[in-house]
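Following: one structure in structure tokens, then a few remarks.
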Amino acid sequence: MSDANLYQELADKLMMGHSETIKRLFSMVADQNEAKLLLAMPATAEELAAATGRSVDDIKKSLDVLFHKGLVFISGSSGKYRMCRDVVQFHDATILWPEATKAFHNLWKEFTDKEWGQTVKVIESIMDKPPTRIIPVEAALEAKNQILHYENVREIVESARRIAVTKCTCRVVDGKCGLPVEVCIQINRAADYSITRGTGREIDKTEAMEIIRKAEEAGLVHVTMNTDHIDHYICNCCSDCCIGLRFMISEGTKFVSPSRFLAVVDEDACIGCESCIERCYFGALSMQNGSDDAKATVDAEKCVGCGLCSVVCASDAIHFDEVRPVDFIPVSGM
Ligand code: SF4
Ligand code: SF4
């Protein structure tokens, strides 16, 4: 089989066979022998050795390299190895490949700019729910609301067994916003993975909360997996580089689910300073009228309940109402 066919087949495995860019990305991160191993997965090291005529020891060395590159994952307790399951995992894992070149990152940026918007729409069409969801900033949550432990950043951090921080993959390849990069909080199994792979730095709960606070002050939106368990990550996303928020804002894609909360402005407390208007990436805040004593108002259709507006409101004029039920957040495995 020619090299070109190998990379075509790898792209096909991610349902991205139409994308020349994905084929080129595979060719930059995997040589021909590695590509053949990926195409033979899922399989154990012994099965891969039998399929390729190589020794098990030799295969295990290659698997270590592929794990380091972000192309291979160990599948549960079966002992089987699998390649990244979709284009999102291919993106997130290989961008943090420690030896990735600038050319490799630039090609991911080209893919993001030219093909990601359409790719997200295809992903949406085959998924029954958005894969990710927004968590409000902690200060926006009020006791009058029912607050679930998996929608409260502090409770997620406090209950974590292990935490690491990695670089934000979107800002590694783009970064035009200039906002902090080492802010992706990895929790439990995700922390184990990133620390073992060498892409994450282990941190304690105090540092995790410091990173989260700095992210909120910088105007980054907390995003996590759209389930009720916490064994994954708290991304801190911007509107310029993030593959989720950027296309949600520009093209209305539904890759990211809103939180269960809605911002509400207390007109008596609002002094009309307009600080919140610029902070809202989603265009949900505006001034009620053009007069000197105009107050901020929220468009409930546009507000995703991120809570960032409350961080910049010095008058404490924004509170949050619970507007979606508890079962709005999918249960694990659904
Ligand atoms: S930041 Fe607060 S006080 Fe200023 S306009 Fe917005 S809601 Fe009103
Ligand atoms: S108004 Fe904007 S900044 Fe405030 S919670 Fe809603 S989406 Fe976030």
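The values are calculated or read from the model by the stated rules, or taken from the named source; none is laboratory data. Bear in mind that the values here come from a model prediction, so they are computed numbers and not experimental data. Counting neighbours? That spans all protein chains shown, and the Cβs are built from the backbone with ideal geometry, glycine included. Each accessible area value is taken on the protein alone, full model and side chains, heavy atoms only, with ligands, DNA and RNA left out. Shrake-Rupley method; radii C 1.70, N 1.55, O 1.52, S 1.80 Å.
Quick rundown of the values:
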{"read-out": "Some residue of region 210-227 being open to solvent by less than 50 Å² (accessible area, probe 1.4 Å) and within 16 Å of ligand 1 (Cβ to nearest atom)", "value": "yes"}
{"read-out": "When residues of region 1-19 are limited to those that are assigned to a helix (DSSP H, G or I) and under 24 Å from the mean Cα position of the chain (by Cα), the one nearest to Val65 (Cα to Cα)", "value": "Leu10"}
{"read-out": "Residue that is open to solvent by less than 50 Å² (accessible area, probe 1.4 Å), closer than 29 Å to Thr112 by Cβ and within 16 Å of ligand 1 (Cβ to nearest atom), where the choices are Cys242, Cys303", "value": "Cys303"}
{"read-out": "Contacts under 9 angstrom Cβ, first residue in region 92-109 being under 26 Å from Thr224 (Cα atoms) and outside any helix (DSSP H, G or I), partner among the polar types (S, T, N, Q) and at pLDDT 95 or above, 6 or more apart", "value": "Leu96/Thr166; Leu96/Thr169; Leu96/Ser194; Leu96/Thr199; Trp97/Thr199; Pro98/Thr199; Ala100/Thr94"}
{"read-out": "Qualifying residue in region 123-144 (condition: within 30 Å of Arg85 (Cα to Cα), among the acidic types (Asp, Glu), part of a helix (DSSP H, G or I) and open to solvent by less than 20 Å² (accessible area, probe 1.4 Å))", "value": "no"}
{"read-out": "Among residues of region 175-189, those that are within 16 Å of Trp97 (Cα to Cα) and more than 12 Å from the chain's Cα centre (by Cα), counted", "value": "2"}
{"read-out": "Residue among Ser250, Ser291 that is among the polar types (S, T, N, Q) and in a loop (DSSP other than H, G, I, E, B)", "value": "Ser291"}
{"read-out": "Of residues in region 314-334 being within 16 Å of ligand 1 (Cβ to nearest atom) and outside any loop (DSSP other than H, G, I, E, B), the one least open to solvent (accessible area, probe 1.4 Å)", "value": "Phe320"}
{"read-out": "Matching residues in region 42-91 - criterion: being part of a strand (DSSP E or B) and either more than 23 Å from Ser194 (Cβ to Cβ) or open to solvent by 50 Å² or more (accessible area, probe 1.4 Å) (or both)", "value": "Ala43, Ile74, Lys80, Arg82"}
{"read-out": "Failed item, numbered, when Ala103 is tested on (1) outside the structural domain of Cys237 (by TED's automatic domain parsing); (2) surrounded by 16 or more Cβ atoms within 10 Å (Cβ to Cβ); (3) aliphatic (A, V, I, L, M)", "value": "(2)"}
{"read-out": "Qualifying residue in region 21-41 (condition: under 20 Å from Asp113 (Cα atoms), touching a Cys at 6+ places or on another chain (Cβ under 9 Å) and either not assigned by TED's automatic domain parsing to the domain that holds Val65 or not β-branched (Val, Ile, Thr) (or both))", "value": "no"}
{"read-out": "Residue list for region 110-143, filter: out of contact with any helix residue (DSSP H, G or I) (no Cβ under 7 Å at 6 or more places or on another chain), of a type in the set (D, E, K, R) and in contact (Cβ under 8 Å) with a residue 24 or more places away in the chain", "value": "Lys114, Lys121, Glu124, Lys129, Arg133, Glu142"}
{"read-out": "Set Leu285, Leu245: member being assigned by TED's automatic domain parsing to the domain that holds Gly200, closer than 25 Å to Lys214 by Cα, within 11 Å of ligand 2 (Cβ to nearest atom) and touching a Ser or Thr at 6+ places or on another chain (Cβ under 9 Å)", "value": "Leu245"}
{"read-out": "Matching residues in region 149-186 - criterion: being among the aliphatic types (A, V, I, L, M), under 30 Å from Val264 (Cβ atoms) and open to solvent by less than 20 Å² (accessible area, probe 1.4 Å)", "value": "Val153, Ile156, Val157, Val183, Ile185"}
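The rows are residues; the columns are (1) among the aliphatic types (A, V, I, L, M); (2) modelled with pLDDT of 95 or more.
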site	(1), (2)
His232	no, no
Phe247	no, no
Glu251	no, no
Pro258	no, yes
Val265	yes, yes
Cys270	no, yes
